[in-house]
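To start, the structure itself, in structure tokens.
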Amino acid sequence: MFILNTFSKFSFFLLLVAISAAQTFSKEDPLYSGKARFHPVVAKNAMVASENSYATNAGLQVLKEGGNAVDAAVTIGFTLAVTFPRAGNLGGGGFMLVYLAEKDEVISIDYREKAPLQASRDMFLDQEGNVDKEKSQNSILSAGVPGTVAGLTLALEKYGTISLERALQPAIKLAQNGFPVDHELSKSLGQAKKRMEKSPASMEIFYKENGAPYEEGELLTQEDLAWSLKQISKNGSKAFYNGAISKKIDSFMKQNGGLIRSHDLKNYKAVTRKPVEGSYRGYEIYSMPPPSSGGVHLIQMLNILEQFPLSSFGHNTAKTIHIFAETMKHAYADRSKHLGDPDFSPIPISGLISKKYAESIKERINMKRATPSNEILPGDPGAQEGINTTHFSVMDGEGNAVSNTYTLNFSYGSKITVPGTGILLNNEMDDFSAKPGSPNAYGLVGGKLNAIAPDKRMLSSMSPTIVMKDGRPFLVTGSPGGSRIITTVLQIIVNVIDFNMNISEATNAVRVHHQWLPDVLNVETGLSEDTINILREMGYKVEIGSTIGVAESIIKKGDYLYGASDPRRPGGLTAGY
Ligand code: DON
């Protein structure tokens with residue numbers, strides 16, 4: 001009897017071990033099946049994924065001290081402005097998506113730049129009526145009224161727990177004491193030098209006396225930026241919008257033919273908006289509403305893709321890429337007509353993200369051949385309603401999540417630094433449609449709804465996204481990449497959900513992109529020649545070129561967090577504890 005009892009206890013124990021091992025190292029999970037070629041960072045409590053190690057570490061420290069995901073995100077946002085100046089910023093704008101576990105609510109914060117009051121529809125047209133790209137992309141006129149400081153301080157006030165002083169601490173320290181430049185920063189400063197030369201303040205900060213960029217290992221200190229950060233630390237966002245910093249921006253603009261004035265800064269408000277919501281194969285998708293086109297078209301594309309058995313078509317097969325490309329073409333055609341600032345014109349959001357509209361698009365996809373873009377026109381989604389970028393993701397131990405994408409537009413924005421502030425100005429005005437049908441820097445065309453108007457927000461593609469499973473954050477993701485942002489986020493989601501990839505595999509996988517116009521299918525290196533040949537036979541103009549997107553993502557599965565920084569841009573760091 002005793003032996004039997006001990007035996008059955010032992011076998012029960014073995015059974016328990018087997019069950020828990022099966023849960024942790026399930027055969028279903030590519031991570032532990034010996035099939036994954038790429039492995040994510042794993043942590044138990046909290047995690048940060050960003051494109052910069054200083055920022056990730058600063059955010060992680062806040063989490064370790066008991067701060068929540070918003071505290072960490074705001075700290076990261078300010079730190080990136082110092083250590084990742086090509087996209088991190090005080091002089092730009094962006095979008096933040098926040099999941100609040102306690103309220104079980106997703107909120108989006110819109111801190112996109114706005115056109116100054118003196119802006120006008122044709123301000124970038126030359127005498128022949130053509131877009132003067134130098135003006136829209138590289139001049140002082142290319143700068144919109146910055147939103148970053150308003151957005152980050154709003155997030156902290158409403159949803160954070162730490163003081164603004166604490167959130168700014170690492171940024172101030174890194175700006176004041178300097179930090180050793182890494183290979184990537186040195187290289188990108190070298191590339192930007194020609195355009196920076198028009199701004200003495202930029203040259204003084206980012207280049208040595210002999211004009212050479214700081215080299216790897218050399219210390220970059222930013223005293224003026226430290227001054228600006230300290231002003232914000234002391235006086236809050238008022239310092240930027242109605243105080244010492246705004247005075248400097250106003251007088252610099254006046255002296256140099258710029259349009260931004262004190263009243264533009266004073267009137268600027270970051271706003272909270274209801275995220276766009278959709279579903280995909282049993283997951284709930286939350287993403288950024290207009291003035292970003294990202295969320296609307298992400299959900300629209302997922303609705304179309306949901307109608308195809310992608311997992312049986314296979315990852316990155318010609319058949320799957322064909323369905324991707326056709327789907328993308330329809331979405332970007334709609335973007336050109338239907339999207340803009342919702343405070344200026346009604347945007348047909350509910351129509352665009354309806355399953356019914358997606359079904360009508362599916363009917364138009366020919367499984368055998370590429371539809372030439374000139375045969376695709378922006379559709380009629382029905383219902384009208386009432387009216388160099390960087391992404392980081394954070395998840396904390398309480399179940400809160402933040403997905404944030406913000407930008408100066410190009411690397412180092414307009415390349416113009418406001419003297420005395422260390423603040424690089426964005427060149428976001430180029431995201432407006434300067435002339436109907438005329439492509440912007442990302443080849444995107446637009447019409448009336450995205451025409452320049454005073455006080456209007458320019459249309460964006462930034463798509464900070466939170467995917468939920470059973471009402472809890474499952475995947476937090478986003479990317480830079482201009483027009484390629486939306487298709488990058490799309491492929492991260494599909495790789496995880498349809499192709500059962502872990503987040504590192506999903507991030508590393510070769511990406512494709514089509515944006516309707518130009519009628520070109522962009523593919524990254526690494527796609528098989530056989531697949532490319534089939535796609536060409538189907539009628540695609542395939543271009544193998546530069547990388548597509550830089551995703552920074554975190555997944556929560558069971559008791560663990562799994563994260564990955566995109567290897568397409570070195571210098572990123574995902575870390576947790
Ligand atoms: O808001 C937008 O869509 C663009 N200004 C984003 C620019 C961008 O992602 C550049 N980064 N690689």
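Across segment 463-503, the number of residues qualifying as over 24 Å from Thr407 (Cα atoms) and either touching a His at 6+ places or on another chain (Cβ under 6 Å) or of a type outside the set (A, V, I, L, M) (or both) comes to 11. Checking each residue in segment 32-57 for being open to solvent by 10 Å² or more (accessible area, probe 1.4 Å) and assigned to a helix (DSSP H, G or I) picks out Tyr32, Ser53, Tyr54, Asn57. For segment 85-102, the candidate set comprises residues that are more than 9 Å from the ligand (Cβ to nearest atom) and either within 13 Å of the chain's Cα centre (by Cα) or assigned to a strand (DSSP E or B) (or both); within that set, the residue that is farthest from Gln191 (Cα to Cα) is Leu100.
Just so you know, in segment 431-445 the residues that are buried (at least 20 other Cβ atoms within 10 Å of the Cβ) and among the aliphatic types (A, V, I, L, M) include one that is nearest to the ligand (Cβ to nearest atom), and it is Leu444. Determine whether segment 446-462 contains at least one residue that is buried (at least 24 other Cβ atoms within 10 Å of the Cβ), away from the ligand (no atom under 16 Å from the Cβ) and not in a strand (DSSP E or B). Checked segment 446-462: no residue is buried (at least 24 other Cβ atoms within 10 Å of the Cβ), away from the ligand (no atom under 16 Å from the Cβ) and not in a strand (DSSP E or B). Restricting Gly539, Gly545 to residues that are within 16 Å of the ligand (Cβ to nearest atom), open to solvent by 20 Å² or more (accessible area, probe 1.4 Å), farther than 20 Å from Val41 by Cα and touching a Ser or Thr at 6+ places or on another chain (Cβ under 9 Å) narrows the list to Gly545. Taking the criterion of being surrounded by 12 or more Cβ atoms within 10 Å (Cβ to Cβ) and of a type outside the set (Gly, Ala, Ser), the residues of segment 209-222 that qualify are Pro213, Tyr214, Glu215, Glu216, Glu218, Leu220, Thr221, Gln222.
Could you grab the pairs with beta carbons closer than 7 Å, sequence gap of 6+ or different chains, first residue in segment 517-546 and outside the structural domain of Thr507 (by TED's automatic domain parsing) and within 19 Å of Ser373 (Cβ to Cβ), second one outside any loop (DSSP other than H, G, I, E, B) and open to solvent by less than 80 Å² (accessible area, probe 1.4 Å)? So the pair list comes out empty.
Selection over segment 474-488 of residues that are more than 16 Å from the ligand (Cβ to nearest atom) and open to solvent by less than 10 Å² (accessible area, probe 1.4 Å) gives a count of 2.
In segment 78-96, the residues that are closer than 18 Å to Lys415 by Cβ form Cβ pairs under 7 Å with partners that are hydrophobic (A, V, I, L, M, F, W, C) and within 12 Å of the ligand (Cβ to nearest atom), at six or more places apart or across chains, as follows: Ala87/Leu408; Asn89/Leu408; Gly91/Leu408; Gly92/Leu408. In the set Ile260, Ile162, only one residue is among the aliphatic types (A, V, I, L, M) and open to solvent by 20 Å² or more (accessible area, probe 1.4 Å); that residue is Ile162. Filtered by the rule that a residue be crowded, with 24+ Cβ neighbours inside 10 Å and either touching a His at 6+ places or on another chain (Cβ under 6 Å) or assigned to a loop (DSSP other than H, G, I, E, B) (or both), segment 392-420 gives Asp396, Thr405, Leu408, Asn409, Tyr412, Gly413, Ser414, Lys415, Ile416. Condition check for Arg166 on (1) touching a Ser or Thr at 6+ places or on another chain (Cβ under 6 Å); (2) under 20 Å from Gly59 (Cβ atoms): one failure, at (1).
The values are calculated or read from the model by the stated rules, or taken from the named source; none is laboratory data. Note that the coordinates shown come from a computational prediction; the quantities given were computed from them, not determined experimentally. All Cβ positions, even for glycine, are placed from backbone atoms using ideal geometry, and neighbour counts span all protein chains on display. Calculation scope for accessible area: heavy atoms of the full protein, side chains included, ligands and nucleic acids excluded. Shrake-Rupley method; radii C 1.70, N 1.55, O 1.52, S 1.80 Å.
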